[in-house]
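Structure first, commentary second.
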Amino acid sequence: QNRMKAIYTLTIFLFIIHNCLAQEQKTTVLKGKIVDQQQEALVFVNILLKNKADSTLNYATTTNEKGQYQFTDIPAGTYDFIYSYLGQKKQIELTYPLTESSFDLIFEQKSQQLATVEVVDESRKNADFTKLRDVEGTTINAGRKSEVVHLEAIAANLAINNSRQIYAKIAGLNIWESDGMGLQLGIGGRGLSPNRTSNFNTRQDGYDISADALGYPESYYTPPSEAVDRIEVVRGAASLQYGTQFGGLLNFKLKKGPKNKPFEFTTRNTIGSFGLKSTFNSIGGTVAKGKINYYGFYQYKTSDGWRNNADSDAHTAYASINYSPNEKMSLSASYTHLHYLAQQSGGLTNTEFQENPQQSNRERNWFKIDWNVFSLSLDYQLSSRTKINIRNFGLLASRESLGYLGGPDNTDPIYLDRASEEEKQRSLICGFFHNIGSESRLLHRYDLFQQPATLLIGARYYQGQTISKQGSGSSNFDPDFTYLNADQLDGSDYEFPSRNIAFFAENLINITPQISITPGIRYEYIRNTGEGYYRQIVRDLADNVVLDTLRSEGFFRERSLALLGLGVSYKPNKMMEVYSNFSQNYRAINFNDFKIINPTLVIDQNLQDESGYNADLGVRGRVKDWLHYDVSLFYLAYNDRIGEGWLPDNPSSTVRYRTNIADSHIYGLESFVELDVWNLFDKQNETTALKLFSNIAILNSANIRSDISFYEGKKVELVPPVNLKTGITFRKNALTASAQFSYTHQHFSDPTNAEAAPSAIIGIIPSYYVADISVNYRYKFLELSGGINNLTNNYYFTRRATGYPGPGILPSDGRSFYLTLGMKL
């Protein structure tokens, strides 16, 4: 009897297992067969599954030689089953899982002769500004403020990376325009300093390109705009996926070789005002039956500069290769090289700027960059629901600045008869950066509560070695970047090793087809160390040297922390989204905060890391095809914010003091609205567009708590209360013409809110406006473009420098012209 019970129990168990397996098979496999009216199997029928609740869930396949198809690991839901054959397309709605074992179809064909078909991505058609999809590649962007600039559709001066035009539709960016050649990008958002874009996590194709992502996150390399396909910007809650910068992510996606050609050659040649000459040349294509894609470019540009003593030339080269042995795997490698040499005009006093902003009192100041970036990436599709991305990258780079560091109100000693040979020597500051890193991401789609969900987990390892040297250079006029006392520098000599280990996870959960939440967490381990020496000089009241010695010291800072965040998205319909997010931020003090020997700067040796959070609430979408908008409120809490002010015990001193200024907050409104006037009145004309856009940011800020009384209650520096960009673009077939107007309201350049100072290092940055026009025309394989920047020839400045390339006022360029001739073969 016990044996019979055991047999019955085993039979029931096996029956349950069989049904579970059958159910699992039914819920994870969609298969069927497609035939014609004569029941003949149709080969190469293209099939697309589009989830009606989640537009990011798309699956594609084709029928085999027996007319059969199969999808695996398909989430439950309602789908549009779209199948096409020989130019004919049909669509059926189905609910998955199926009640039947298979989904077979008869394709009723109509015989017709097809002409050549050109496939166009409607979402990108004539679009120069969009947003990131909720899930893109191995990233989750739902509930975040994201912007994408498509450079192919922009009429702008791309040869000099004109930031005003390129980033015109990104709300709230404060742009420093002291580099007329576009060698260094200087943008900051939401009141953060634009200095070398150091408050953004700056990447190229997803990997780091800054000097040291944590220890020295300044970007000396900016990809040539002529080589960039699109620029991705993620703000607010970007810290969880990309790291601890308050500004968010700035990612340059470079072009790839065309998929339908084995070889393509592109050349763009530009001439312009002040001796501007630029040539950009690229090759690319796809070979080996579509398995290998390659792309490379070389750009050379040179200019005399708008100001005196502003000569520069730059060489940029890039090569990439992508190998895809099958549909699941893709392996890519790239190398980037930049070398440029620029003469630095130096800063001006307020009086000198009013007299002649083109003048320069420094002809011995030079700046040199050598940048080498390597990358090796793997993309692998583990299943239809799971993919992995691994990015390995490395950097070998250097930056060298040479010149006289005295303020604009101090005459260069080379012109003083009474100056000693030692006083005439220039200061040489060099930084060498050797970094490696690896970042891995796994993205998995699954079903949760009858709704699709997406999980992202990732890990990052980063190791850097920064060498910082400062000492006396030659007293000549040429760019001689050699130390006079190389074996024993008379300024400082430090090594700063760093290490960073991070783990992060985010989960996009669709509560309903309209509402989603994205919780996330990031764990960071950061270690900064340093060892070296600096020269200490003590003088008596008569300016006699009473102490001159070299002092050794070391630094060690280690910390572990967790950052939390949450994004929420509500889409009442396909044309509108309400989004909100919250994310903690953290910024470790960097090597530049530790030790730089500068006669006008003292650094607080008790500097603390910065912390805070970002919060957003916004609405974005479209009204039919004629209105595009994104309007949001933000709040940025910034604790222990580092800045430069006066010595606490001597506010009247001309010496600057770098310290933790205050706990600050910055909040405001960011809005972007674009109206397609032509489409509003003539919806049938797809070859013509007339678009008006307005981009305005209204900000407020304050230092709410400070240990130094004269900072508390003051406005945060570099926060324009009003930042406006507006413009119009007309497109007719191959012609594009645009005009743009930019306005930035006056704001303070230092935390004491000083209005003016004799040295011009601090003071108000006055309100200014700039107008630009550009025209672009394409005819077959030729392209002709040109324009005028700063049409009204305004004299203005966006920056007061405290060190290189100043100190003092750094004027922006006056009116300039450019003309570009391009060809694609």
Which of the peptides 525-531, 579-585, 34-40, 415-421 is most tightly packed, and how do the rest follow, judged by the mean count of other Cβ atoms within 10 Å per residue?
-> 579-585, 525-531, 34-40, 415-421
Straight distance only, please: which lysines reach the Cα of Lys683 with their own Cα at less than 23 Å, same-chain residues fewer than 8 apart left out?
-> Lys125, Lys574, Lys624, Lys691, Lys732
Can you send over the carbon and sulfur percentage of the accessible area for the chain, probe radius 1.4 Å, protein chains only?
-> 56
Which lysines have a Cα less than 18 Å from the Cα of Lys368, not counting those fewer than 8 places away in the same chain?
-> Lys301, Lys469
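Tell me the relative contact order for segment 320-467 as a rounded percent, counting alpha carbon contacts under 8 Å between residues six or more apart. All intermediate terms of the calculation are to be shown ahead of the outcome.
Numbers: 306 pairs, mean separation 29.2, N = 148.
Answer for segment 320-467 is 20 percent.
For segment 602-691, give the share of DSSP beta bridges that are antiparallel, in percent and rounded to the nearest 5; count only bridges with both residues there.
Rounded to the nearest five, the antiparallel share is 95 percent.
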Quick one: which of 80-92, 286-298 comes out on top by average Cβ neighbours within 10 Å, and what's the full order, highest first?
-> 286-298, 80-92
Summing +1 for each Lys or Arg and -1 for each Asp or Glu, what net charge is found among the other residues whose Cβ lies under 10 Å from the Cβ of Leu561?
-> 0
Which aspartates and glutamates does Lys424 reach when only Cα atoms under 14 Å apart count, and residues fewer than 8 places away in its own chain are ignored?
-> Glu363, Asp412, Asp478
Restricting to Cα pairs under 8 Å and 6 or more apart, the percent relative contact order of the chain works out to 10
Local charge sum around Phe634 (other residues, Cβ-Cβ under 9 Å, Lys/Arg +1, Asp/Glu -1)?
-> +1
Which number comes out as Rg/Rh for segment 685-725 once both Rg and the Kirkwood Rh are worked out on C-alpha atoms?
-> 1.43
Taking every pair of alpha-carbon atoms in the chain, give the share separated by more than 34 Å as a whole percent.
-> 56
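Treat every Asp and Glu Cβ in segment 219-364 as -1 and every Lys and Arg Cβ as +1, leave all other atoms uncharged, and give the resulting dipole magnitude about the Cα centre to the nearest 20 debye.
780
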Leaving out ligands and nucleic acids, note down the accessible area per residue over the chain with a 1.4 angstrom probe, in whole Å².
-> 44
May I ask you to order 663-672, 347-356, 182-191 by the average number of other C-beta atoms within 10 Å around their residues, highest value first?
-> 182-191, 663-672, 347-356
May I ask for the angle, rounded to the nearest 10°, between helix 2-28 and the longest principal axis of the chain, with both axes built from Cα atoms and the value confined to 0 to 90°?
-> 60
For the chain, give the share of DSSP beta bridges that are antiparallel, in percent and rounded to the nearest 5; count only bridges with both residues there.
-> 95
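The values are calculated or read from the model by the stated rules, or taken from the named source; none is laboratory data. None of these values were measured; they are calculated from a predicted model. Note that each Cβ is placed from the backbone with ideal geometry, even for glycine, and that neighbours are counted across all protein chains shown. Ligands, DNA and RNA are stripped out before the accessible areas are found, and what is left, the full protein with its side chains, is counted by its heavy atoms. Shrake-Rupley method; radii C 1.70, N 1.55, O 1.52, S 1.80 Å.
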